[in-house]
């Protein structure tokens with residue numbers, strides 16, 4: 001891959017990640033008004049994942065093809081792994097530090113972004129050859 005193309009994808013991935021993280025944190029804060037931290041986190045996660053899939057596929061990686069079952073399956077497996085990583089970090093921050101839950105959700109999201117980019121780049125949204 002050409003370096004300018006990689007830079008473009010990394011920039012877009014960062015913007016998508018930042019946008020989705022902000023939405024996720026906002027949903028956590030909103031749901032946290034009526035729920036405990038764990039249910040608020042769990043309620044916000046699927047909404048953030050759906051937004052992330054759409055923005056990653058069509059904007060970050062420029063995949064304009066129809067959504068394929070393989071992509072959805074691989075993406076959901078990746079998100080399950082990311083969810084485990086995020087949840088462990090989220091719970092650790094919430095229960096062992098004074099950090100507010102909505103901030104902990106953002107920090108936990110940022111932690112797993114590198115793994116997600118590489119997996120999406122090389123596997124989930126890789127150009128069909």
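When 117, 90 are checked against the criterion of being touching a residue at least 24 places away in the same chain (Cβ under 8 Å) and closer than 22 Å to residue 32 by Cα, 90 stands alone in meeting it.
Quick grid of which residues meet (1) at pLDDT 85 or above; (2) surrounded by fewer than 19 Cβ atoms within 10 Å (Cβ to Cβ); (3) farther than 21 Å from residue 31 by Cα:
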| site | (1), (2), (3) |
| --- | --- |
| 47 | yes, yes, no |
| 51 | yes, yes, no |
| 80 | yes, yes, yes |
| 90 | yes, no, no |
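Restricting attention to the stretch 92-117 and to residues that are at pLDDT below 85 and part of a helix (DSSP H, G or I), the residue that is surrounded by the fewest Cβ atoms within 10 Å (Cβ to Cβ) turns out to be 114. Going by the conditions given, is residue 22 assigned to a helix (DSSP H, G or I), touching a helix residue (DSSP H, G or I) at 6+ places or on another chain (Cβ under 6 Å), surrounded by 13 or more Cβ atoms within 10 Å (Cβ to Cβ) and at negative phi? Judged against the criteria, residue 22 is not a match.
Taking the stretch 43-91 on its own, how many of its residues are under 18 Å from residue 103 (Cβ atoms) and touching a helix residue (DSSP H, G or I) at 6+ places or on another chain (Cβ under 6 Å)? Residues that pass the stated criteria total 6.
The values are calculated or read from the model by the stated rules, or taken from the named source; none is laboratory data. Keep in mind the model is a prediction, meaning the values are calculated, not measured. Don't worry about glycine lacking a Cβ; one is built from the backbone with ideal geometry, like all the others, and counts go over all protein chains shown.
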